[in-house]
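Below you'll find the structure, written out as structure tokens, and then a few comments.
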Amino acid sequence: MSTQITGIGVGHGIAVGPALRMPDPIGEPPDVESQLEALDEYARVEEALTAVTDELVDLGRRAGGDAEGILEAQSLMAQDPAVVDDIRQRVGDGKTAERSVYEAYEGYARVLEGLGDNPAARGADVRDVARRVIARLRGVALPAVPQSETPFVLVAYDLAPADTATLDLSKVLALVTRDGSNASHTAILARNKNIVAIVGAAGSDVIVNGQTVIVDAESGQVVTDPDLAALAVAAERGGRVIAPRPLTPGALSDGTPVPLLANVGSPEEAAPAVALGAEGVGLFRTEFLYLDARSAPSVELQRSRYRDLMSAFAGRKVVVRVLDAGADKQLAFLGHTHEENPALGRRGIRALREHEDVLRDQLTALVGAQSDTGAELWVMAPMVADVDETAYFVSLARSLGLGTVGVTVEVPAAAVLADQVVPLCDFVSIGTNDLTQYTLAADRMLGLVAQYQDPWHPAVLRLIKLIGDAGHASHTPVGVCGEAASDPLMAIVLVGLGAEDLSMSPGAIGDVRAALAGVTLARARELAERTLTQTSAAAARAVVAEALA
Ligand code: PEP
Ligand code: MG
């Protein structure tokens, strides 16, 4: 459904294109006591302030023009003696460097905002300096303008002057920001650079990645999901119209359907997923709903949450995974205690089996939600390793009235035993995140071994092939719900190895759809076969990339 969002237009231009959102800004540091001596804590602040000052001066020099003056003024904020003094005092009071920087700059921004008009717009610049310093202290990168091969409309809460000054104008068709005013630096720089922009668009939080928007600076209106008539008017007014990608069902070039489904963690993610072309849900991670719950949620409460999600997909497939507690997602009501290696501990089906009452309640709630909605419900269990665990879950779920029951294959043991496990199920879904972690013995939470977390590794691909073959032999549908499905090249390989549908972060659906549309099933199988004889992840990827170049 089309919506209109009003803000303050900058200039008179009009642009149309798919939206891409800037990642959320860095969050407020918690107000906790510092574990360091004040002197050491303050030394970190000094280092970060100097680095940010240099960075802003450098960015300004490279941007030139008005941006240079604006960024230089920001660099001075990073050295403002009153703020620096304020930070020193807060650090002296035992606060962390991050919190002290946040509080001191927040105070400064509020003072400027209290003065009204132009200085008020500078509050945003002050907060940007603080975020840069905090990112530096945390050793993390600042959220950056997203990259895309095709032009897009950039949607953000606000943009820092440095972001606006360094935008790639061959890609950014227009800007829409929730915050900001006519006098904000985003607006000033947009005007100077002739970028179509709307600032202060308070309702713009609803815009999701991939959604087509018309940005009409003259009227200050953003129109989402415009109809053909509105698009034609925009084109007549000179809008650079980038044809939105059609939201057709996923398919190979020979017509083989490959439904493209969404991975979601809450009912609120349903509408954006539909807007991005999701044909259903391939993984609903239910544990995300209960991470803060002290006691097990009631059947009624669960039923209403599942109903909320399923009603957005009436008539379509919704694959719900029962609680996958453990590892990085502890649920208090499943009695988790400290484990040295939680990824190898009492996780998924292991924890549920010990708390069968919780599992029964969840399955009962799901049966209820299915009868309340028209969704086609498929239910699966996480972390099963063998026939015993598969048979346990499948028979319990069926006895409670569920019609389509399966498991996630993500433990290498289950993949090796795919010929035994898969025929017991109505379907299986491959969890490539855990399958990769366990196959390569590399903790997926540990940055130090991130390079091992590569599903292109032939060892992982061979396991996926075993699962695909077992599905084929027993006529059991095989899908993929791990992050690997979001990689367009890998998506082709997964289909070649036997996956019949793919589930991913909704933002990836457009690119995966385009990649699949370029190959036949025979070609996907041939490419997949070639990956299996490579000796490394890099070689497997290269063989596919080169063949399709
Ligand atoms: C997986 O392991 O690939 C998966 C989809 O599940 P999760 O990422 O929630 O563990
Ligand atoms: Mg998993």
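The values are calculated or read from the model by the stated rules, or taken from the named source; none is laboratory data. In this text the structure is predicted, and so the values were computed from the model without any measurement. Here the Cβ is made from the backbone with ideal geometry for all residues, glycine too, and neighbour counts use every protein chain on show. Just so you know, the surface numbers come from the protein's heavy atoms only, side chains and all, with ligands and any DNA or RNA stripped out. Shrake-Rupley method; radii C 1.70, N 1.55, O 1.52, S 1.80 Å.
For every residue, the table says whether it meets (1) within 15 Å of ligand 1 (Cβ to nearest atom); (2) in contact with a Gly (Cβ under 9 Å, 6 or more places away or on another chain); (3) assigned by TED's automatic domain parsing to the domain that holds residue 538.
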| residue | (1), (2), (3) |
| --- | --- |
| 433 | yes, yes, yes |
| 436 | yes, yes, yes |
| 439 | yes, no, yes |
| 456 | yes, no, yes |
| 459 | no, no, yes |
| 468 | no, yes, yes |
| 474 | no, no, yes |
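Regarding residue 142, is this residue aliphatic (A, V, I, L, M), over 17 Å from residue 8 (Cα atoms) and open to solvent by 70 Å² or more (accessible area, probe 1.4 Å)? I'd like the intermediate steps shown before the answer.
Values: aliphatic (A, V, I, L, M): yes; over 17 Å from residue 8 (Cα atoms): yes; open to solvent by 70 Å² or more (accessible area, probe 1.4 Å): no.
In short, no.
Hey, does segment 270-289 have a residue that's farther than 19 Å from residue 506 by Cβ and basic (Lys, Arg)?
No - not one qualifying residue is present in segment 270-289.
Somewhere in segment 413-430, is a residue among the charged types (D, E, K, R), within 12 Å of ligand 1 (Cβ to nearest atom), in the same structural domain as residue 487 (by TED's automatic domain parsing) and in contact with a Phe, Trp or Tyr (Cβ under 9 Å, 6 or more places away or on another chain)?
Within segment 413-430, none of the residues are among the charged types (D, E, K, R), within 12 Å of ligand 1 (Cβ to nearest atom), in the same structural domain as residue 487 (by TED's automatic domain parsing) and in contact with a Phe, Trp or Tyr (Cβ under 9 Å, 6 or more places away or on another chain).
Please specify each residue of segment 58-93 satisfying the condition of being assigned to a helix (DSSP H, G or I) and of a type in the set (D, E, K, R). Explain how you work it out, then say what you get.
Narrowing segment 58-93 to residues assigned to a helix (DSSP H, G or I): 58-63, 65-77, 81-92.
58, 61, 62, 66, 68, 72, 85, 86, 88, 90, listed by residue number.
Taking the condition open to solvent by 20 Å² or more (accessible area, probe 1.4 Å), in contact (Cβ under 8 Å) with a residue 60 or more places away in the chain and not assigned by TED's automatic domain parsing to the domain that holds residue 155, does residue 65 pass?
So residue 65 fits the description; yes.
Each row is one residue, and each column tells you yes or no for (1) more than 13 Å from ligand 2 (Cβ to nearest atom); (2) of a type in the set (Ser, Thr, Tyr).
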residue	(1), (2)
293	yes, no
300	yes, no
304	yes, yes
308	yes, no
316	yes, no
323	no, no
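Could you check residue 247 against (1) assigned by TED's automatic domain parsing to the domain that holds residue 500; (2) under 24 Å from the mean Cα position of the chain (by Cα) and say which number it fails?
(1)
Out of 55, 46, 41, report the one residue that is assigned to a helix (DSSP H, G or I), touching a residue at least 12 places away in the same chain (Cβ under 8 Å), charged (D, E, K, R) and open to solvent by 40 Å² or more (accessible area, probe 1.4 Å).
Step by step, each of 55, 46, 41 is checked, and only 55 is assigned to a helix (DSSP H, G or I), touching a residue at least 12 places away in the same chain (Cβ under 8 Å), charged (D, E, K, R) and open to solvent by 40 Å² or more (accessible area, probe 1.4 Å).
Look at segment 335-361 and say how many of its residues are within 16 Å of ligand 2 (Cβ to nearest atom) and buried (at least 21 other Cβ atoms within 10 Å of the Cβ).
5
Check whether at least one residue in segment 235-257 is of a type outside the set (Asp, Glu), assigned to a helix (DSSP H, G or I) and farther than 30 Å from residue 521 by Cβ, and report yes or no.
yes
Report, by residue number, each residue of segment 374-389 that is within 30 Å of the chain's Cα centre (by Cα) and within 16 Å of ligand 2 (Cβ to nearest atom).
Applying the first criterion (within 30 Å of the chain's Cα centre (by Cα)) to segment 374-389 yields 374-385.
379, 380, 381, 382, 383, 384, 385, listed by residue number.
If I ask for residues that are among the hydrophobic types (A, V, I, L, M, F, W, C) and under 14 Å from residue 408 (Cα atoms), which ones from segment 326-349 would you list?
As a first pass, look at segment 326-349 and keep what is among the hydrophobic types (A, V, I, L, M, F, W, C): 327, 331-334, 343-344, 349.
349 - this is the single residue of segment 326-349 that is among the hydrophobic types (A, V, I, L, M, F, W, C) and under 14 Å from residue 408 (Cα atoms).
Checking residue 4 against (1) within 30 Å of residue 206 (Cβ to Cβ); (2) in contact with a Lys or Arg (Cβ under 7 Å, 6 or more places away or on another chain); (3) not charged (D, E, K, R), which test does it fail?
The single condition residue 4 does not satisfy is (2).
Take the residues in segment 362-415 that are in contact with a strand residue (DSSP E or B) (Cβ under 8 Å, 6 or more places away or on another chain) and of a type in the set (Ser, Thr, Tyr); name whichever of them is surrounded by the fewest Cβ atoms within 10 Å (Cβ to Cβ).
Here the residue is 404.
Yes or no, residue by residue, for (1) of a type in the set (Phe, Trp, Tyr); (2) without any contact (Cβ under 8 Å) to a residue 12 or more places away in the chain:
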{"site": "322", "(1), (2)": "no, no"}
{"site": "329", "(1), (2)": "no, no"}
{"site": "344", "(1), (2)": "no, yes"}
{"site": "355", "(1), (2)": "no, no"}
{"site": "370", "(1), (2)": "no, no"}
{"site": "377", "(1), (2)": "no, no"}
{"site": "383", "(1), (2)": "no, no"}
{"site": "387", "(1), (2)": "no, no"}
{"site": "392", "(1), (2)": "yes, no"}
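When residues of segment 481-510 are filtered for being within 13 Å of ligand 1 (Cβ to nearest atom), open to solvent by less than 10 Å² (accessible area, probe 1.4 Å) and either outside the structural domain of residue 469 (by TED's automatic domain parsing) or of a type outside the set (Gly, Ala, Ser) (or both), how many remain?
The number of residues fulfilling the criteria is 5.
Sort out which residues of segment 156-215 are modelled with pLDDT of 80 or more, assigned to a loop (DSSP other than H, G, I, E, B) and of a type in the set (Val, Ile, Thr), and write them in order of number.
Once the filter is applied, which keeps residues that are modelled with pLDDT of 80 or more, assigned to a loop (DSSP other than H, G, I, E, B) and of a type in the set (Val, Ile, Thr), segment 156-215 yields 195, 207, 208.
Do you know which residues across segment 146-171 are open to solvent by less than 10 Å² (accessible area, probe 1.4 Å) and closer than 19 Å to residue 214 by Cβ?
Within segment 146-171, 152, 153, 154, 155, 156 qualify.
For segment 416-470, what are the residues that are part of a loop (DSSP other than H, G, I, E, B), within 16 Å of ligand 2 (Cβ to nearest atom) and surrounded by 23 or more Cβ atoms within 10 Å (Cβ to Cβ)?
Answer for segment 416-470, where residues must be part of a loop (DSSP other than H, G, I, E, B), within 16 Å of ligand 2 (Cβ to nearest atom) and surrounded by 23 or more Cβ atoms within 10 Å (Cβ to Cβ): 431, 455.
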